Protein chains: 4
Amino acid sequence: MTVRFGVLGAGRIGQVHAKAITTVPGAALVAVADAIEAAAQKLSDAYGCDIRSIDDIRTADDIDAVIICTPTDTHADLIEDFVRAGKAVFCEKPVDLDVARARQVIDTVKAENGTLMVGFQRRFDPDFTALKAAIDDGRIGDVEMVTLTSRDPGAPPPAYIQSSGGIFRDMTIHDFDVARWLLGEEVETVMAQASVLTDPEIEKLGDYDSVNVILRTASGKQCTITNTRRATYGYDQRIEVHGSKGSVSAMNHREANIELANGDGYTKPPLLNFFMSRYTAAYANEIAAFVDAVENGRPTPTTGLDGLRALELADAALQSAKTGQAVTLA
Amino acid sequence: MTVRFGVLGAGRIGQVHAKAITTVPGAALVAVADAIEAAAQKLSDAYGCDIRSIDDIRTADDIDAVIICTPTDTHADLIEDFVRAGKAVFCEKPVDLDVARARQVIDTVKAENGTLMVGFQRRFDPDFTALKAAIDDGRIGDVEMVTLTSRDPGAPPPAYIQSSGGIFRDMTIHDFDVARWLLGEEVETVMAQASVLTDPEIEKLGDYDSVNVILRTASGKQCTITNTRRATYGYDQRIEVHGSKGSVSAMNHREANIELANGDGYTKPPLLNFFMSRYTAAYANEIAAFVDAVENGRPTPTTGLDGLRALELADAALQSAKTGQAVTLA
Amino acid sequence: MTVRFGVLGAGRIGQVHAKAITTVPGAALVAVADAIEAAAQKLSDAYGCDIRSIDDIRTADDIDAVIICTPTDTHADLIEDFVRAGKAVFCEKPVDLDVARARQVIDTVKAENGTLMVGFQRRFDPDFTALKAAIDDGRIGDVEMVTLTSRDPGAPPPAYIQSSGGIFRDMTIHDFDVARWLLGEEVETVMAQASVLTDPEIEKLGDYDSVNVILRTASGKQCTITNTRRATYGYDQRIEVHGSKGSVSAMNHREANIELANGDGYTKPPLLNFFMSRYTAAYANEIAAFVDAVENGRPTPTTGLDGLRALELADAALQSAKTGQAVTLA
Amino acid sequence: MTVRFGVLGAGRIGQVHAKAITTVPGAALVAVADAIEAAAQKLSDAYGCDIRSIDDIRTADDIDAVIICTPTDTHADLIEDFVRAGKAVFCEKPVDLDVARARQVIDTVKAENGTLMVGFQRRFDPDFTALKAAIDDGRIGDVEMVTLTSRDPGAPPPAYIQSSGGIFRDMTIHDFDVARWLLGEEVETVMAQASVLTDPEIEKLGDYDSVNVILRTASGKQCTITNTRRATYGYDQRIEVHGSKGSVSAMNHREANIELANGDGYTKPPLLNFFMSRYTAAYANEIAAFVDAVENGRPTPTTGLDGLRALELADAALQSAKTGQAVTLA
């Protein structure tokens, strides 16, 4: 059996998912929709899929599932519409910037007995799954302290920042999900600091570019997250988990695995530039997991609730950064 | 335009090439031939291609090019037959174990104005091409000393060893090609030592499992090659080039880029197991380069002559190992 | 000229300093004092120095300087006594667990025009000074985010914890000093989380074993500190400084610089076990810096004020961990 | 008991040994002799030892042992003279450039029941002893292939090359000793290639600057050695031993254990510059081993015979490089 896909939104992340679909056995890219015709055409040319309207995709007989890659403020409605139309839905994070609305969507999906997977691709990265397997195999004992380092090579455009909900909701949200995944317990308390250090324009937009967060679970496990919007050396994505019997780390990926030596020292190339190249395998594995869930009627490995929890942590972190107080989650 | 491929031989390396074809834009896998029906069926099932006889592929209108992955002793005849039939030919090394016959084949290809590319996939590995680019960009000055380390995880089956021509011709031959590529000058003198250290059966077959070679060019540049048929830690593939202004190295690839720490120390996973996983990108890039040559009428980046030269070095190394004398090439 | 030393306290850290003195040109170990005769004898045997009472050392003509390695609650009085006696004083951190008393001591030293250096040996570690030099040379641009990882191999004995003032004052205090040194600005705000994860006995003593701290300066620079009392893989001491133009890191030191490879992977030895072996060079360089200050009448590179500032940060972190609120320093 | 030392020759290596003596418990530097007064004075000033003539040291009652660091052509006579005078002798390699004369010296030492240790400091390097211990503990199974990489940062002065016996006898000789130590069997066959690539002046002196050697034992174990007189990135000293169950490697040492990251990549500092800084610990451990042998009447860990064997390998390598034939040792 093949799961036949429509991709809604042909921007950067839409392209990433379209490409991933074409590399996954059992997945077929049937149609793409985008308000900007040129964007849709580009995907159509690259992969030979149809260009259709969102409505046509929703009602199509030859579409089993959609990937929602449209702007954030359309996610909630689209999820509800497509679930009601009987399509399996994969939606990029977040479900909605408003926690109450996100809860509503989750309820709708449940009421409709629908399928919703929220995109947290890091859980499907081969290195990170190997790291998680080492933890689950008991190789570091009980998890005690998680350290997440995520640095983007550069800030997104101002328009994106204005609608993204800010750094905690568009960037740290991935770390919040990884933290939940690795801690193995829900977070109880959130502390955060946030500054603008790279570009005063970001301050004008009411956002931050440099943040640190401490998460803490009921049993006292902790996680620190460090984020910045600018790293000159590439897309820095590291995980370190310290446990009672040892620790396990996932290292960065480089452009090439070579080293040059001379009088200035020993130099390895910069890191892979950004998520499109760093997480190529993760995006494909993520789609494969979604296909597996759809085909076999299994629960999706990440859910609307995961999206909601990560968003709640983002809201809490923002509040803590603004008030200087630890925020306790319900 | 698409280059339509037939794959001759559906064994291990045939499977590798078939898969590579399916990932290269502008390449299509049309048919496979193999004396063992199950092997051909497996490829057909995986990629939806026809099963045909070698003869049918040679005379087919819908086939532009073939990949020859049959046993070594069939290479020479098949190359000649397919070139005469107007097909572009990609042949796994070696052209023939007999140098004179290999020369004959090269002459035939030339007379027929045919296209022949011999498979030395390492030249297309992304790390190795980055290393070569660093050299070509003058970042290490003049090349002086090349160090090649190639260790297989385990020996091939006895039947393979019996027909492969031995370790110098089936394994070191790749290093000989890399040496020529990196030295940038033809090799003049070859010295070698060879032992059986891993398995006495190999000695009975008249072969070796542990060899070291020193190559030297007319201008005095040198290259050492170290090979063994058995490495417990995976498929060890390293290059180091020392030049007048610095050096550049290509490192191994691991199963995952993680590290576990405990009282026993810091442990990274073993290396990727063998060429099928280590050189996945190289095989795809190699086919892409062949497709580019076929489509655009350009010379192939590796030729029958490259195959011949590597074979001559293998013969010289064997002679040196047996006689204890340096062998000078014509 | 030679600076003639008396060492007060022949316990673990006293031994470290005594050994350091014997390796520094221009420093001589003349006498040791310790209430436990066997401890003093051990040092005397090892380095051929006298055993004397603290009083005798204070009044001795052949002693220019003392290293105070006695229990924390004696530091303040001893500093004042020896400064008044005209001796140059090097005191292990902290000056006193009570900030007000520490301020008093600093005032006394100033009034007496005395010499006081407080022991923060990390500033003298060769790797860390190379890292600091890279920052000062502008190689990473403006410092934005500092990440300090310090993990001890095991907890100190309960008696030590009871009198040390707890993890923030006996362990994190070194990180607070490093943070101040690297941030290049005073810290304005402190946030901290603290748990007991390794041993319930530590909770009974009213202390923590696992803490994370976020520091923030007036201009928004940030520093995270992660500490634990138990790491199975040795004494983990890492620094990473991210700046506007790049980042610089200092890596851990191992027992030996070797790597073993087999089917389980590639394994490097554990880290050096603890501060005595990890900071051998730092302790010697620290004494050399003190000797230089004493001989040439220069200010000491670390002062009583540095000790005080680090202690204030420790107090603030403890308060934040207890209240869940960011603590702002005066 | 203390072993009281005289150092003969206060040049570069004499200074290294003098310093090492001052750091070894149970060793005392009493006197130095050098034809160049300023050189002797420098050592005397640094360590407070006497300046004496070689004759005075030989007949002195307060000297137990000597370190011979004079020019190579004086070694043989000095060893014999001092052994006859009842002094324990530590001599820098080689005993003599003439193998027959070296044998004579060894016979004299034996006849006099004297103590002679020849300086091969690498055997005492902490990393290399850890590597050797891993082999001896069976962690890599049977040794099969040893790979030694030794690159000097720059060539010695012409005058040194003229009297040193050439690269195989002054530089590779250390690798020959390490090879014997690690192979655990005597070498039977030697093959070598040698070129001049860095400086034509070296060719005029009849020497080489770039050499590769393959050694082979009776049981077929092999060792490759690669040497060059010029490496821009520092003093490159690596060992890799491949065995039936795994491999073990010793890595290089850097000026500092830090890493800088920016748009050009990740850069670690160059290697330690040369043997004086790289082998500081090895030289001290070597003297400590000699002191232990002298004090406790034990055999020295390296002997005149080790010096002889390494020299024989150097002679064989030179012959092989000149003739292009493998040289078999008696």
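None of the figures in this text is laboratory data; all of them are computed from the coordinates on show. In this text the structure is predicted, and so the values were computed from the model without any measurement. Cβ: placed from backbone, ideal geometry, glycine included. Neighbour counts: every protein chain shown.
Using a 7 Å projection from Cα along Cα-to-Cβ, the label point at D:Val99 is separated from the same position in the remaining copies by 3.3, 7.8, 8.4 nm, smallest value first.
Once you treat every alpha carbon in segment A:96-189 as an equal point and sum by Debye, what is log10 I(q)/I(0) at q = 0.16, 0.17 Å⁻¹? For segment A:96-189 at q = 0.16, 0.17 Å⁻¹, log10 I(q)/I(0) is -0.92, -1.00.
Sequence-distant contacts, meaning Cα pairs under 8 Å at least 6 residues apart, place the relative contact order of chain C at 20 percent.
So which chymotrypsin sites (Phe, Trp or Tyr not before Pro) in segment A:252-307 are both in a DSSP loop and have at most 10 other Cβ atoms within 10 Å of their Cβ? Intermediate results must be reported in sequence, preceding the final value.
Numbers: sites: A:Tyr266, A:Phe274, A:Phe275, A:Tyr279, A:Tyr283, A:Phe290; in loops: A:Phe274, A:Tyr279.
For chymotrypsin sites (Phe, Trp or Tyr not before Pro) across segment A:252-307 that sit outside H, G, I, E and B with at most 10 neighbouring Cβ atoms in 10 Å, the list is empty.
Looking down the axis that turns chain D into chain C, the chain D residue with its beta carbon nearest that axis, and the gap rounded to whole angstrom, comes out as D:Thr23, 4. Fewest-first ordering of B:His17, D:His253 by other beta carbons within 10 Å of each residue's beta carbon gives D:His253, B:His17.
Taking every DSSP bridge with both residues inside chain A, close to 55 percent are antiparallel.
The modelled label-to-label distance for the pair D:Asn296/A:Asp45, using points 7 Å beyond Cα in the direction of Cβ, is 8.0 nm.
Rounded, prolate or oblate: pick one for segment B:170-281, where a ≥ b ≥ c are the square roots of the eigenvalues of its C-alpha gyration tensor, a/c under 1.5 means rounded, and failing that, prolate if a/b is larger than b/c, else oblate. Numbers along the way, then the final one.
Details: a/c = 2.17, a/b = 1.27, b/c = 1.71.
Oblate.
With the convex hull of the Cα atoms taken as the outline of segment D:1-123, the averaged projected area works out to 7.4 nm². Sorted largest first, the principal axis extents computed over the alpha-carbon atoms of chain B equal 56, 54, 47 Å. In straight-distance terms, cross-link reach from C:Lys87 covers every one of the lysines whose alpha-carbon lies under 29 Å from its own, apart from those fewer than eight places away in the same chain; here that gives C:Lys19, C:Lys42, C:Lys110. Computed over Cα pairs, the Kirkwood radius of segment C:235-274 leads via Stokes-Einstein (1.306 mPa s, 10 °C) to a diffusion coefficient of 130 µm² per second.
When each of the peptides C:190-197, B:320-327, D:136-143 is scored by the mean number of other C-beta atoms lying within 10 Å of its residues, the order from highest to lowest reads C:190-197, B:320-327, D:136-143. Spin-label pair D:Glu203-A:Ala111: with each label point 7 Å from Cα along the Cα-Cβ axis, the two points sit 8.9 nm from one another. Please work out the Cα center distance from segment D:21-94 to segment D:282-309, rounded to the nearest Å. Result: 16 Å between the Cα centres.
Here the peptides C:44-57, C:92-105 are ranked by packing, the mean other Cβ count within 10 Å, and the order with the highest first is C:92-105, C:44-57. Averaged over the residues of B:316-325, the number of partner chain Cβ atoms lying within 10 Å of the residue Cβ comes to 2.
Looking at the square roots a ≥ b ≥ c of the eigenvalues of the Cα gyration tensor of segment B:271-330, which shape do they give, rounded for a/c under 1.5, prolate if a/b is larger than b/c, or oblate? The shape class here is oblate. For the protein assembly as shown, the mean residue ellipticity at 222 nm estimated from helices alone is -12000 deg cm²/dmol, where every DSSP H run of n ≥ 4 contributes -39500 (n - 2.57) and the total is divided by all residues, rounded to the nearest 500.
Peptide D:228-234: average number of partner chain Cβ atoms within 10 Å per residue?
Mean inter-chain Cβ contacts per residue within 10 Å come to 6.
Which whole number gives the average count of other chain Cβ atoms within 10 Å of the Cβ atoms across peptide B:263-276? Don't jump to the answer; show the numbers that get you there.
Details: counts 8, 8, 14, 15, 11, 8, 6, 6, 3, 0, 0, 0, 0, 0.
For peptide B:263-276, the averaged partner shielding equals 6.
For the protein assembly as shown, just say rounded, prolate or oblate: build the C-alpha gyration tensor, square-root its eigenvalues into a ≥ b ≥ c, call rounded for a/c under 1.5, and beyond that prolate if a/b exceeds b/c, oblate if not.
Working: a/c = 2.53, a/b = 1.11, b/c = 2.28.
Verdict is oblate for the protein assembly as shown.
Projecting 7 Å from Cα along the Cα-to-Cβ direction, the label point of B:Pro301 sits 3.3, 5.0, 5.1 nm from its equivalents in the other copies, listed shortest first. Its Cα centre serving as origin, chain C has a Cβ charge dipole (Lys and Arg +1, Asp and Glu -1) of approximately 580 debye.
Cβ-to-Cβ counts within 10 Å put D:Lys110, D:Lys132 in ascending order as D:Lys110, D:Lys132, the fewest first.
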